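In what follows, a single structure is set out as structure tokens and then discussed.
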Amino acid sequence: MRTLSAGVGLGLFVALASAALAQSYKAGEYQVGAPASEPKWKVQARTGSTHAGFAAAADAASSVDQHLGHALNCIEGPRGKNFNASWGHVCQGQGDGLLVDLRADRAGTAWLLVAEAADQLAVAGIRSRDLAQKNNASRGVAELLRLIAESR
């Protein structure tokens, strides 16, 4: 009887989680949530890190470019010189771009060089034709953005 209850509970959990995911997944864009009190730049860094992580694990160059492009769009924002709307803007509504928001927040300026390094590495990863280089660049971007997102 216990196994049945656990199975029913797990099934209910999976069904509710699936419904919540379906609600948050819109037109190919998925975002990482954050507390309202958190600075915009931390939210964008977390979302960008997540997508760079997806790129690092991808086994096709087009998938790497798509997810690393998501991270790059989060870093630069819609007015950035490397912003590409065709990748999708998973940080839409989270801020004006990691670099823009870091520059606008005195507490964030300490992380500006790290964000600029992530930006340059993302651009290099997208421009590379070698899948291993693309994956490694994505790993680096994910870690740099994670440092920013988890900063105190």
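Values quoted throughout were computed directly from the atomic coordinates according to the rules given, and no laboratory measurement underlies them. Note that this is a predicted model, so its numbers are computed, not measured.
Values as computed for the structure displayed
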{"read-out": "Amide H within-cut-off set for Gly77, under 5 Å, with H built and near neighbours excluded", "value": "Leu98"}
{"read-out": "Net length gained if the chain between Gln120 and Asn84 were fully extended (0.36 nm per residue, minus Cα distance)", "value": "11.4 nm"}
{"read-out": "Stretchable slack from Leu147 to Leu112, in nm (0.36 nm times residue separation minus alpha-carbon distance)", "value": "11.4 nm"}
